[in-house]
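Participant: Below you'll find the structure I mean.
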Amino acid sequence: MKTELLAPAGGVQSARAALLSGADAIYLGLNAFSAREGAENFSFEELRETAFFAHLIGAKVYVCLNTLIKSSETAQFFAHAVAAWNAGADAVLVQDPFLGKALKERYPQMELHLSTQAGCNNVYGAALAKEFGFSRVVLARETPLSEISRISDVIETEVFIQGALCSCFSGQCYFSSYVGNNSGNRGRCKQPCRKKYRIDREGFDKEAYALSTSDLCVGERVKELLAAGVTSLKIEGRMRRPEYVAAAVRYYRALLGGTSADEAFSLLKRAYNRGDYTQGLAFGQQAGFLSRNVQGHIGEHVGEISIVKGKYFCRSEYDAQKGDGFKILRGGEEAGGASFTERGEGGFYLTSGVKLFPRDEVRVTTDSAANETIVPKIGRKLKIEVEMYAEKLPLARCGTFSFKGDISAQTAANAPLTEAEICACFQKTDAFPFVPEIRVKTENAFLPKSALNAFRRAFYTNLAHYLVPDRAPLSTSEFSETVPTRRGNQCAVIVRGDSSAEHRDQIVIYKPDDYAQITPPEYGKEKFLYLPPLFTQQDEESIGSALKHFDGIYCEGSYGILLAKKYGKTLFAGAGCNLTNEFAVNGIKACGAKYFVLSHELSAREQSMLAAEGAFALTQGGVKVMDLCYCPFGRTCRDCDRRAFYTLTDESGRTFPLRRYRTAEDCRFEVYNCAPLANERGAASLLVDCTAAHALKGASPTRGHANRSML
């Protein structure tokens, strides 16, 4: 398959902007089950019309049904997937691999892509997706280039190249859910990661946007992704304006086409730019990965403030005009906004609601002239050859398609139709993206202009439907799964260090502080090695010799299914597998999991309905709300005190334990909720997370979502 440039479409206008600017495909959400619930999104009729237009110009449309689905919604989810396919979707993106597997078994003609929310980042996850019937995986943003290359040998890959980055590992953020009562896994993220925090380490103890990542922009390195075998290059931004979508498509289209991209990059920065960009974790963490000092759009640098005749002046080559907006930075931090007042010699004057000082940096954030022109009015077109015969009955042909009118042409008494008149009429293609080359044959025929126009409109309408015929509709089927429930009576504990005698009769899940120094626990009736959601080939090599000391692996991702089979180990599927419905529970058990953890965004009642044999629910202890696959200290390793725990304090004074641990390659971090769980034992077996026990000592407990589901 040729390289695909894939653009976001938060609404109809963004879809047109992307397609007219040169996107090969777009992705969009419906009014349900979209991981961007706050976007404009699409009705089924809007999807049908958008897909029809896209298909006419040779582009594709992918529909995102990529939130977690709970049991009461599976019937609606399947109905939406079928309706999206019938409306013209070229693929459906799904987060839950087990629901995807059920869809593919019932509708083998439906193309499925595994959403980035599923967290696929290694060959085991990719091979499982392929086994389940997915044709493509949208890789987790944390996936390193070496793993991208290996995965691309297994299955078609789609990789993000531009746009916002989540702070937490893809699909496993519960921060918004626990501190803001809105689930990111439900498309309702309130972005607590974009707030200010203090960390109790010297140099990081001042309030800053300590978790807020800069926007991704891989730029020229997109060629390295292509060399690694990536098929689809994905731009993030379903919550952003059509101007941003158009600017991003133009920039990468220029890079892929080998033409100068300088002007396009400038327009992109003005459209949206958080943190002056990062190339992302695929290429290793770089300086500037976090945007600690400035939140939101900072635009493009155009000059500095000087004081001229008591007024604020910016000496600049930028052609400022009325309607432009600016952000002022002082010492790298936001000082306020400004707006254009008038031009001056060699620059322009500004006004601001805050006091500005000489040398303050001026950055344009709204380029009104560019915004008016960046979205093409006329974009990609389909070249066609039309033969028009104005004889007894008007007849028009395009390739193998022919269309005959039902109004007889008359022999002209005085003014027959000329070829020029017919050609001029057929150059008007109405809303259809055609560029016709027209040949005319007429024998002194006459048609009223109204009849000729009606014939032309009918011809192009029927031609469009001939070129993009309606898809044979799939019928909605009944999907049903039941889970035989039983009350669990076991206890599993997640521990950091060597377990103690109190865990002798419990299942022990050992979570190393350093995966290069794994010390198997001495106690526990069964012993599992905890594996994090990001798991690379190097990580696998580092644990190989230690696995023989464990009964199994506790894995925060579906990749553990095939990894456990490879090493002949028992699988304990962790909370990161996001099991929220009967299909997922039965599916994980059918894949060999002896134990599994139900989603801790479900209520206690919903968990009880899924409490099959082997089910566990996190009931007591710490709640891990984020996995950070980067260093929040910017890899200042020389000055690092290398503590196992830090404290993240928000603007309200709430403190969240921040745990550091070592992998084969680098340090990673986990954020725990500010309050531990303290729930009664439910229908599922008891899971206790002791990882952050000492850091949460004395904190008032919470019941979490026991009473109220976040899904």
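The values are calculated or read from the model by the stated rules, or taken from the named source; none is laboratory data. All of these numbers come straight from a predicted model, not from anything done at the bench. Cβ sites come from the backbone with ideal geometry, for glycine too, and all protein chains shown count toward neighbours. Just the protein is used for accessible areas: all its heavy atoms, side chains included, with ligands, DNA and RNA removed. Shrake-Rupley method; radii C 1.70, N 1.55, O 1.52, S 1.80 Å.
Participant: Could you order peptides 330-336, 610-616, 124-130, 373-379 by the average number of other Cβ atoms within 10 Å of their residues, highest first?
Facilitator: Going from most to least packed, we get 124-130, 610-616, 373-379, 330-336.
Participant: Give me the accessible area of MET609, 1.4 Å probe, in Å² rounded to the nearest 10.
Facilitator: The accessible area comes out at roughly 90 Å².
Participant: Which entry in (1) 1.26; (2) 1.10; (3) 1.42 matches Cα Rg over 2.2 N^0.38 Å derived from the coordinates of this structure?
Facilitator: It is the one labelled (2).
Participant: Right, here's the next one. Under a crude label model (7 Å from the Cα following the beta-carbon direction), how far is ASN489 from SER402 in nanometres?
Facilitator: 8.2 nm
Participant: Let me ask you something else. Looking at the range 564-670, which trypsin sites (Lys or Arg not before Pro) are DSSP coil and have at most 12 other C-beta atoms within 10 Å of their C-beta?
Facilitator: In loop regions of the range 564-670 (DSSP not H, G, I, E or B), the sparsely surrounded trypsin sites (Lys or Arg not before Pro) are ARG642, ARG643.
Participant: Now, a different point. Quick one: plug the Kirkwood hydrodynamic radius of the range 600-711 (C-alpha pairs) into Stokes-Einstein at 25 °C, 0.890 mPa s, and report D in µm²/s.
Facilitator: The diffusion coefficient I find is 158 µm²/s.
Participant: PHE403 accessible area, nearest 10 Å², 1.4 Å probe?
Facilitator: Only protein atoms counted, so the area is about 40 Å².
Participant: Report the FRET efficiency, 1/(1 + (r/R0)^6), for LYS548 and CYS637, where r is their Cβ-Cβ distance and R0 is 25 Å, rounded to 0.05.
Facilitator: 0.20
Participant: Then there's this: Distance in nm between label sites at ARG330 and LYS196, each 7 Å beyond Cα in the beta-carbon direction?
Facilitator: Roughly 1.4 nm, to one decimal.
Participant: If you stretched the chain out fully between ARG654 and ARG343, how much longer would it get, using 0.36 nm times the residue separation minus the C-alpha to C-alpha distance?
Facilitator: Taking 0.36 nm per residue and subtracting the Cα distance, the gain is 107.1 nm.
Participant: Moving on to the next point. Quick one: helix 97-106 against the long Cα principal axis of the chain, what's the angle to the nearest 10°, folded into 0 to 90?
Facilitator: That helix lies at roughly 50 degrees to the long axis.
Participant: Along the Cα-to-Cβ line of GLN321, 7 Å from the Cα, sits a label point; which residues in the range 250-286 have backbone N less than 18 Å from it?
Facilitator: Inside the label zone: 267-268, 270-271.
Participant: Right, next: By per-residue mean of other Cβ atoms within 10 Å, what is the highest-first order of 424-432, 75-83, 108-116, 209-217?
Facilitator: 209-217, 108-116, 75-83, 424-432
Participant: Measuring from label point to label point, each 7 Å out along Cα→Cβ, what is the ALA79 to GLU541 span in nm?
Facilitator: Taking the two extended label points, one gets 5.2 nm.
Participant: What ³J(HN,Hα) values, in whole Hz, does the Karplus curve 6.51 cos²θ - 1.76 cosθ + 1.60 give for the range 639-651 when θ = phi - 60°, with x put for Gly and Pro?
Facilitator: 9, 6, 8, 6, 6, 6, 9, 10, 10, 9, 10, 8, 5
Participant: Using the alpha-carbon atoms, what tilt in degrees (0 to 90, nearest 10) does helix 242-257 show relative to the longest principal axis of the chain?
Facilitator: 90 degrees
Participant: Considering only C-alpha atoms, what is the centroid distance from the range 513-579 to the range 610-660, in Å?
Facilitator: Here the two parts' Cα centres lie 19 Å apart.
Participant: Separate question: Tally the DSSP beta bridges in the chain and give the antiparallel ones as a percent, rounded to 5.
Facilitator: In the chain, approximately 45 percent of DSSP beta bridges are antiparallel ones.
Participant: What full-extension length gain, to one decimal in nm, is calculated for SER43 and LYS206 as 0.36 nm per residue of separation minus the Cα-Cα distance?
Facilitator: Taking SER43 through LYS206 to full extension adds about 54.1 nm, to one decimal.
Participant: Of PRO521, PHE357, SER450, which is farthest along the charge dipole of the chain in the positive direction, counting Lys and Arg as +1 and Asp and Glu as -1 at C-beta?
Facilitator: Farthest towards the positive pole: PHE357.
Participant: Here is a further query. Determine which aspartates and glutamates satisfy two conditions relative to LYS404: a Cα distance under 15 Å, and not lying fewer than 8 residues away in the same chain.
Facilitator: By straight Cα distance, LYS404 reaches GLU387, GLU391.
Participant: Then there is this: Rounded to the nearest 500, what is the chain's calculated 222 nm mean residue ellipticity when only DSSP H runs of at least 4 contribute -39500 (n - 2.57) each, over all residues?
Facilitator: Result for the chain, helices only: -6500 deg cm²/dmol.
Participant: Moving on. Calculated FRET efficiency, ALA693 and SER480, Cβ-Cβ r, R0 41 Å, to nearest 0.05?
Facilitator: 0.45
Participant: Could you give each residue of the range 108-125 its phi-based ³J(HN,Hα) in whole Hz, using Karplus coefficients 6.51, -1.76, 1.60 with θ = phi - 60°, and x for Gly or Pro?
Facilitator: These are the phi-based 3J(HN,Hα) values: x, 7, 7, 8, 10, 10, 7, 5, 4, 5, 7, x, 5, 8, 8, 5, 5, x Hz.
Participant: Turning to a different aspect of this structure: Between ARG457 and ARG106, what length in nm is gained on full extension when 0.36 nm per residue of separation is reduced by their alpha carbon distance?
Facilitator: Result for the pair: 122.4 nm of gain on full extension.
Participant: Let me ask another. Report, please, the projected area of the range 162-228 averaged over directions, based on the convex hull of its C-alpha atoms, in nm².
Facilitator: So the mean shadow area of the Cα hull is 6.4 nm².
Participant: In the structure shown, do any of LYS70/LYS525; LYS2/LYS566; LYS70/LYS234; LYS190/LYS624 have a Cα-Cα gap over 24 Å, and if so which?
Facilitator: Beyond 24 Å between Cα atoms: LYS70/LYS525; LYS2/LYS566; LYS70/LYS234.
Participant: Please list ILE307, ILE328 from largest to smallest accessible area, probe radius 1.4 Å, with all protein chains kept in place.
Facilitator: From most exposed to least exposed: ILE307, ILE328.
Participant: A follow-up question, please. Using the Karplus curve 6.51 cos²θ - 1.76 cosθ + 1.60 with θ = phi - 60°, work out ³J(HN,Hα) for each residue of the range 13-19 in order, rounded to whole Hz, and write x for Gly and Pro.
Facilitator: Each residue of the range 13-19 in turn: 5, 5, 4, 5, 4, 5, 5 Hz.
Participant: Placing unit charges on C-beta atoms (Lys and Arg positive, Asp and Glu negative, everything else neutral), compute the dipole magnitude of the chain about its Cα centre in debye, rounded to 20.
Facilitator: The dipole of the chain has a size of about 660 debye.
Participant: What FRET efficiency, computed as 1/(1 + (r/R0)^6) with R0 = 25 Å and r the Cβ-Cβ distance, is obtained for THR259 and HIS301, rounded to the nearest 0.05?
Facilitator: Efficiency, rounded to the nearest 0.05: 0.55.
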